[in-house]
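> Quick one: this structure, given as C-alpha cells, is what I'll be asking you about.
The values are calculated or read from the model by the stated rules, or taken from the named source; none is laboratory data. Predicted model, so just to flag it, every value in this text is computed and none were measured. In this analysis, Cβ positions are derived from the backbone assuming ideal geometry, glycine residues included, and neighbour counts consider all displayed protein chains. Just so you know, the surface numbers come from the protein's heavy atoms only, side chains and all, with ligands and any DNA or RNA stripped out. Shrake-Rupley method; radii C 1.70, N 1.55, O 1.52, S 1.80 Å.
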Amino acid sequence: MESGLMHHVALWLAAFLTLGIFSFLYRDNTWYKVCEAIFVGISAGYWFVAYFWDNLYTKFWVGVWVTPMADRPDDWYVLYVGAALGILMLLRLVPKVGWISRWPLAFIVGATAGLYLVTYFASNVMLQIEDTVRPIFGAENDAPIYEIIGNIVVAVGTFTGLIYFFFSKEHRGAFGRAAKVGIFFLMITFGASFGYTVMSRMSLLIGRMDFLFSDWLKLIK
Amino acid sequence: MEHGAKSRYEIPVLIAVVTLTLVIYVARHAEWFGYLQLSAGLSLILMLLVAGSLIWILIRTLDGNPAGRRMVFLYVAVAVVLPLSMQLTQKIEVTPEVNQLYRGLQALPHGAKVLATFDYDPGSAAELQPMAETFFKYAFDRGFKVIIMGLWPQGPAQANMALTKVLSEERYKVKSLRYGVDYVNLGFQSGNEFVIQRMGGEFKSMFPTDYNGTPYDSLPIIRNVKNFSNIDYSFNLSAGYPGTKEWVLVGVDQFGFKMGAGNTAVQTTGMYPYLRSGQLIGILGGMSGAAEFEEITKYRGKGTKFMLSQSFSHVVVVVFIIIGNVAYIMFERGRATEKKKKA
Amino acid sequence: MLFRVAIAFACLFIIAGVAGQPAGDTALAVQQTIAPVTSLIATNHEYDNGTGIDLIWVPSIDDRLAPSRVTGYEVWRSVVGGSGSRIAELPAGANKFTDEQCSRESTYVYSVVAISVAGNAVSISTAPIQPAREWINLHRLNLLAIAFLVSAAVIYFIQSARSGKKLFVRKIAGLDAVDDAIGRATEMGRPILFIPGIQDMDDVQTIAAITILGRVSRVVADYDTKIKMPVSRSLVMTAARETIKASYMAAGRPDAYNDDMVSYVTDEQFGYVAAVDGIMVREKPATCFYLGAFFAESLILAETGNSVGAIQIAGTAMPAQIPFFVAACDFALIGEELFAASAYLSNEPKQLGSLKGQDVGKAVALVVIVVGTMAATIGSAWDVTFMNQLWSALKVVFQTN
C-alpha cells in the first residue's frame, strides 16, 4: 500500500477531497457538492458497518450462537432482551404497530436518566459545591494574592451564575443586579472558550495543510 | 468580492493552479529538487511582509474599504503554511495542568497497567494524534502495559495508526514489544457511558474479545485485569461525547481510578472544573497541550512542529479581530450619520 | 469485633501449625533471613458486590530499617480446600492490598511473602474469610438524602402544576423572537431550518428541542410556512416527524404535512455539518433554529447561517458551544434557559415541576456557597472554632467519595 500506484492514487484522492471541501470557502460549487456527498455517504456507511459488526454480529450473533455454553457469562440470555428491544424499535416500519417502538425508546431514556441522576448529582453538583467552598485567604491564611483573587472570582462567579439561572424569580432589584454580574462572568468564560476554539480550528487547518504540503506535495519536511 | 460571486478569472486561475500542482508533485516525488526550507532570516523578512500588508489592510479599512472574507481566508492560509517551512523553533512553556499530568505518569512504576481510551475520529486527529503518539512513546519507554479501547467507532483505529507509527521507529523496534503482552487493543464498544459503568463491574463483560477477535482471557496482559481496580492510570483522548466528561462522571467518581485527559481545545475549558477539584489529574488542551506534552517528555514531534503555525495564525486572527472591529465601528458610525441625514 | 476474631483465628492457626502456607511453589522455600510481615488481617471490603477483601499488615521490620532489605511483597491467596496462587506483587513499603477478584461462594486464606535478595519470609496466614455483598452503600447516604430532597421538590411542584396551580417561571428573553422569526420567513417565502442538535433522544437537550419544535411547527402550520429539518439520528427523525404531524393536526391541516419535512442525513458529525451547510447555501432559509446538544459544528452552522442572511435563534446547554451561538446568532438561550424555554412554551406540568424543583436545589447550593465560604474564610482567618466546625460539617455533607 505504502508504495506503488495505489499510494499515489490514495494521496490524490485525499487531496482531491480536502481541496474540494476547502473550495467552499471560495463559494458553493459542484466540486464541493461531490465531496460532501461522498463524505456523507461514506460516514453513514461506516457507522452502519461499525454497528453491524460490533453489536449485531460480535455481541449478539457470536454471544447467542457461536460462543460455547461453558464460556458464556451467567447473564448471557440478556442479549435476547436487547435483541427484542431492537426488533420493537424496527416495528416503526409497520405503521399499524408503530407505537410499540416507543417502548425501547422509553427504556433508553429511562436508563440514561437513572444513571445520570446519581453521577451528575455526585460529580457535577455535590463535588463542585464542595470544591467552590474554600477559605478565601487559603487554608493556612497564607495564599498569595493571585490565589486570593482566584478564590474570590470562583465564589462570586458561581454564586451570581447560579442566580442568573434561577427561574422562579424575576430579575429585578438586587437580584437582577446579581444576575447581571452573573451574565458578565458567563460572557468572560465564553470569551476564553472562544479563544480555545480558534486554536482548535487552526489546529485542524494546520493538520490538513501539513497533509497537502508535506504528505501530498512533499514540499515541506 | 463577496461569498458566492463569480469571476471571469476563475477558469484560467484554476488551470494554472492545477498545472503548477502537477509539476510540483512530479518534481518532488522524482526528487528533482529538495524540500522547501526558509532560513531564519528569510522567515523574518516574510513575517514582516505579512505584518506590513496587514497594516495596509487596516489603513484601507480606515479609508472605508474593508477586506472581504476571502482575504481573511487567504491570510490565515498563508499564516498556517509559511511557518511549516520555516527553520525557526518556538520556545514552549509547560503549563501546570500538563505538568500535573506528566507527574501522574511519572509516579507510575515500571509495568504499570494503563488504560488508554480513544474517543475521537479523524476529524480531530490533528490535535489528538500527536498526544497519542507521545503517550505511546512514553508508555513503552517506561515499560507500561497499555490497554487500548474506544467509545467512538473510529477511536481504536486511530490508536492503531499511532501505534503503527511509533512501533516502526527503530527505538521501539529493538524493544520487540509484543501484542497481547505489552499492549492490547480491545476495540470499540457501543453504549457510551453504560460501557464505562459495566466496565466498573467487569471489563470482560463489555469486551469479550479484543479488536482482532482474540478471547479476553487468552491475552496475558489483561488476564488478571478484572475492572478499574486493577488499572493504575487511565489516559483519555476525547473530542466530544462520549469523552472525558463521561469518564469523569461515570468512571473516576464512581470507581475511583486516576485519570489524565487530552482534549480538543474546544472542550478544554469545560474540563477545568474537574481539574481544580482533583477529579482529573491533568489536562492536555489542544495543539498547545500536545506540544507541551512533547516538550516535557522530550519526544518532540508534530505538536512542536505545528506550534509556530499555530502562534502565527493566532496573531493574524487577532489583527483581523482588530480590523473587523474598526470596520464595524466605522460602519455603525456611517449608518448613524445616514440616519441623522434622513431625520 | 471482626478484628479480634481474625486475630484469634490467626493465633489458632499458628498453634495448630497448619498456617495454610501457599502450596506448590519453590518461592515459598522459607529462609528466615529477613523478618516476615506481622499483624496480617483480612476484612471484607465494604459496600461492594461481594467481590473484595481488604488486607492490611505491618511491613517487615527489615523494610522499616534504612536501607530497606526488602525488595517487595507478594500476596498469596488460597481457596479453602484448594491450592494457592500468587495474586499480586507489591513494592517495598506496601502495607495494604485489596483483592477484588473474589467470589461470594468461596472462602479464602491469605498470606504475604516479604521478598529480599537473601531470601523470602512468609507471614502467618489470615483466618479464612468469605466476602459479603452489601446492597446499600452507606458511605453515600448524604447523596441519597440530597437527591431525595430535590426529587421530592420536583414531585411536589409537578403535583401542584397538575392540580392547576399556576407556577411562576420568569420570562426568557429571546422567546418573543420565535414568532417574529417565523413570520419573517413566511413574508419572504423562504423555509425555516430547524436543527435539533446532534445527539439522540436520550439526551435531555434533544427532548427540550423537540418540545420547542412542537411550538415552532404549530406556528409554521398556522402561517403555512415551509420547514426543513435535517437530523443526524434516526430516532430523532421519527420523534420530530410525530411532533410536526401533531402540530399540523392541531392546526387542522393534516393534509399539508409530509414526511419529507424531516430527513435523516448521517450520524457522523462533520458529514452532517457538510450536508446542512449545503442545504443552507442552496435553500437560503430565512430563519434558522439551532436547539439541542451541539459540539464543534455549532460555529460552522451559525457562521454559514449568518452568511446566507438568516435570522438565527439558538439554544444549547453545552458550555463550550454557547459562546459561538452568543456571538453568531441573533438570540441565544444560554444553558438551562433551553429547558426553561421548553417548560415555558409547553406549559407541561412535568417540565414546569422539574424546573421549579431544580430551583430548590439551586437555592440550597446558593445558601451553602455563601454560608460555607464565609465559615471557611472566617474560621481559618481568625481561627473561630464554631465556623471551622460548620465548614467541616458542610464538607462532610457534600463529600461523595
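> Kindly indicate whether residue A:211 is touching a residue at least 24 places away in the same chain (Cβ under 8 Å), open to solvent by less than 50 Å² (accessible area, probe 1.4 Å) and over 21 Å from residue A:125 (Cα atoms).
Yes; evaluated as a whole, the condition is true for this residue.
> Could you list all residues from the range B:255-270 that are among the polar types (S, T, N, Q) and more than 7 Å from chain A (Cβ to nearest Cβ)?
Matches in the range B:255-270: B:263, B:267.
> Return the residues of the range C:337-366 that are acidic (Asp, Glu) and open to solvent by 10 Å² or more (accessible area, probe 1.4 Å); say none if nothing qualifies.
Selection gives C:348 alone.
> Go through (1) in a helix (DSSP H, G or I); (2) free of Cβ contacts under 8 Å to residues at least 60 places away in the same chain; (3) within 11 Å of another protein chain (Cβ to nearest Cβ) one by one and return the number of the condition residue C:309 breaks.
Of everything listed in (1) in a helix (DSSP H, G or I); (2) free of Cβ contacts under 8 Å to residues at least 60 places away in the same chain; (3) within 11 Å of another protein chain (Cβ to nearest Cβ), residue C:309 misses just condition (1).
Every residue, every condition in (1) of a type outside the set (Lys, Arg); (2) at the interface with chain A (Cβ under 9 Å from one of its Cβ atoms); (3) without any contact (Cβ under 8 Å) to a residue 40 or more places away in the chain, yes or no:
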| site | (1), (2), (3) |
| --- | --- |
| B:32 | yes, no, yes |
| B:40 | yes, no, no |
| B:61 | yes, no, no |
| B:67 | yes, no, no |
| B:70 | no, yes, no |
| B:91 | no, no, yes |
| B:95 | yes, no, no |
| B:106 | yes, no, yes |
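> For the range A:87-105, which residues satisfy the criterion of being more than 7 Å from chain C (Cβ to nearest Cβ) and open to solvent by 60 Å² or more (accessible area, probe 1.4 Å)?
A:87, A:90, A:93, A:94, A:95, A:96, A:99, A:102, A:103
> For residues that are open to solvent by 50 Å² or more (accessible area, probe 1.4 Å) and of a type in the set (Gly, Ala, Ser), tally how many sit in the range A:1-37.
Counting residues in the range A:1-37 that are open to solvent by 50 Å² or more (accessible area, probe 1.4 Å) and of a type in the set (Gly, Ala, Ser) gives 2.
> Quick check on residue A:139: is it more than 7 Å from chain C (Cβ to nearest Cβ), free of Cβ contacts under 8 Å to residues at least 24 places away in the same chain and assigned to a loop (DSSP other than H, G, I, E, B)?
Answer is no for this residue.
> Would you check which residues across the range B:23-45 are surrounded by 11 or more Cβ atoms within 10 Å (Cβ to Cβ) and within 22 Å of residue A:12 (Cβ to Cβ) and list them?
B:23, B:24, B:25, B:27, B:28, B:29, B:35, B:36
> Select the strands (runs of 3 or more DSSP E) contained entirely in the range C:191-273, then report the ones holding at least 3 residues which are closer than 21 Å to residue C:296 by Cα and away from every other protein chain (no Cβ under 14 Å).
Correct list: C:192-197.
> Also, I was wondering about something else. Here is a check on your reading of the model: is residue C:155 among the β-branched types (Val, Ile, Thr) and surrounded by fewer than 20 Cβ atoms within 10 Å (Cβ to Cβ)?
Considered against the rule, which asks whether it is among the β-branched types (Val, Ile, Thr) and surrounded by fewer than 20 Cβ atoms within 10 Å (Cβ to Cβ), residue C:155 comes out as yes.
> Given the options C:57, C:76, name the one that is aromatic (Phe, Trp, Tyr) and touching a Pro at 6+ places or on another chain (Cβ under 7 Å).
None of the others qualify; the one that does is C:76.
> Restricting the range A:43-64 to residues that are among the small types (Gly, Ala, Ser) and surrounded by 15 or more Cβ atoms within 10 Å (Cβ to Cβ), which is modelled with the highest pLDDT?
A:63
> Kindly indicate the residue of the range A:189-213 that is more than 17 Å from residue B:290 (Cβ to Cβ) and at pLDDT 90 or above and also farthest from the other protein chains (Cβ to nearest Cβ) among those meeting that condition.
Here the answer is A:212.
> Looking for whichever is in contact with a helix residue (DSSP H, G or I) (Cβ under 9 Å, 6 or more places away or on another chain), surrounded by fewer than 21 Cβ atoms within 10 Å (Cβ to Cβ) and closer than 27 Å to residue B:245 by Cα here; the options are C:369, C:334. Which one fits?
Result: C:369 is the single residue among C:369, C:334 that is in contact with a helix residue (DSSP H, G or I) (Cβ under 9 Å, 6 or more places away or on another chain), surrounded by fewer than 21 Cβ atoms within 10 Å (Cβ to Cβ) and closer than 27 Å to residue B:245 by Cα.
> When you scan the range C:372-398, how many residues do you find that are surrounded by 15 or more Cβ atoms within 10 Å (Cβ to Cβ) and either within 24 Å of the chain's Cα centre (by Cα) or among the β-branched types (Val, Ile, Thr) (or both)?
Counting residues in the range C:372-398 that are surrounded by 15 or more Cβ atoms within 10 Å (Cβ to Cβ) and either within 24 Å of the chain's Cα centre (by Cα) or among the β-branched types (Val, Ile, Thr) (or both) gives 6.
> Among C:372, C:361, C:357, which is outside the structural domain of residue C:246 (by TED's automatic domain parsing), within 30 Å of residue A:138 (Cα to Cα), part of a helix (DSSP H, G or I) and in contact (Cβ under 8 Å) with a residue 40 or more places away in the chain?
Of C:372, C:361, C:357, the one residue that is outside the structural domain of residue C:246 (by TED's automatic domain parsing), within 30 Å of residue A:138 (Cα to Cα), part of a helix (DSSP H, G or I) and in contact (Cβ under 8 Å) with a residue 40 or more places away in the chain is C:361.
> Among the residues of the range C:277-300, what is the count of those that are in contact with a helix residue (DSSP H, G or I) (Cβ under 6 Å, 6 or more places away or on another chain), part of a helix (DSSP H, G or I) and of a type outside the set (Asp, Glu)?
5
> Please list, ordered by first then second residue, the pairs with beta carbon atoms under 8 Å, 6 or more apart or interchain, first in the range A:114-134 and more than 9 Å from chain C (Cβ to nearest Cβ) and on the phi > 0 side of the Ramachandran plot, second among the basic types (Lys, Arg) and open to solvent by 20 Å² or more (accessible area, probe 1.4 Å).
none
> Do you know which of the residues in the range B:291-309 that are open to solvent by less than 20 Å² (accessible area, probe 1.4 Å) and within 12 Å of chain A (Cβ to nearest Cβ) is farthest from residue A:126 (Cα to Cα)?
By that ranking, first place goes to B:309.
> On to the next question. Out of the range A:133-152, which residues are open to solvent by 70 Å² or more (accessible area, probe 1.4 Å), farther than 20 Å from residue C:398 by Cβ and not aromatic (Phe, Trp, Tyr)?
A:140, A:142, A:145, A:147, A:149, A:152
> Do we find a residue being at the interface with chain A (Cβ under 10 Å from one of its Cβ atoms), open to solvent by 10 Å² or more (accessible area, probe 1.4 Å) and farther than 30 Å from residue A:17 by Cα anywhere in the range C:275-283?
No, the range C:275-283 contains no residue that is at the interface with chain A (Cβ under 10 Å from one of its Cβ atoms), open to solvent by 10 Å² or more (accessible area, probe 1.4 Å) and farther than 30 Å from residue A:17 by Cα.
> OK, next. Given the criterion without any contact (Cβ under 8 Å) to a residue 40 or more places away in the chain and either buried (at least 16 other Cβ atoms within 10 Å of the Cβ) or outside any strand (DSSP E or B) (or both), identify the matching residue among C:88, C:127, C:42, C:118.
Among C:88, C:127, C:42, C:118, only C:88 is without any contact (Cβ under 8 Å) to a residue 40 or more places away in the chain and either buried (at least 16 other Cβ atoms within 10 Å of the Cβ) or outside any strand (DSSP E or B) (or both).
> Residues in the range B:291-310 that are under 18 Å from residue B:140 (Cα atoms), at pLDDT below 90 and in a helix (DSSP H, G or I): how many?
0
> OK, next. For the list (1) within 14 Å of another protein chain (Cβ to nearest Cβ); (2) in contact with a strand residue (DSSP E or B) (Cβ under 7 Å, 6 or more places away or on another chain), I need the number of the one condition that residue C:56 fails.
Going through (1) within 14 Å of another protein chain (Cβ to nearest Cβ); (2) in contact with a strand residue (DSSP E or B) (Cβ under 7 Å, 6 or more places away or on another chain) one by one, residue C:56 breaks only (1).
> State whether one or more residues within the range B:212-233 are hydrophobic (A, V, I, L, M, F, W, C), at the interface with another protein chain (Cβ under 9 Å from one of its Cβ atoms) and in contact with a strand residue (DSSP E or B) (Cβ under 7 Å, 6 or more places away or on another chain).
Looking through the range B:212-233, none of the residues is hydrophobic (A, V, I, L, M, F, W, C), at the interface with another protein chain (Cβ under 9 Å from one of its Cβ atoms) and in contact with a strand residue (DSSP E or B) (Cβ under 7 Å, 6 or more places away or on another chain).
> Name the residue, out of A:176, A:157, A:182, A:161, that is free of Cβ contacts under 8 Å to residues at least 12 places away in the same chain, open to solvent by less than 40 Å² (accessible area, probe 1.4 Å) and part of a helix (DSSP H, G or I).
Result of the check over A:176, A:157, A:182, A:161: A:176.
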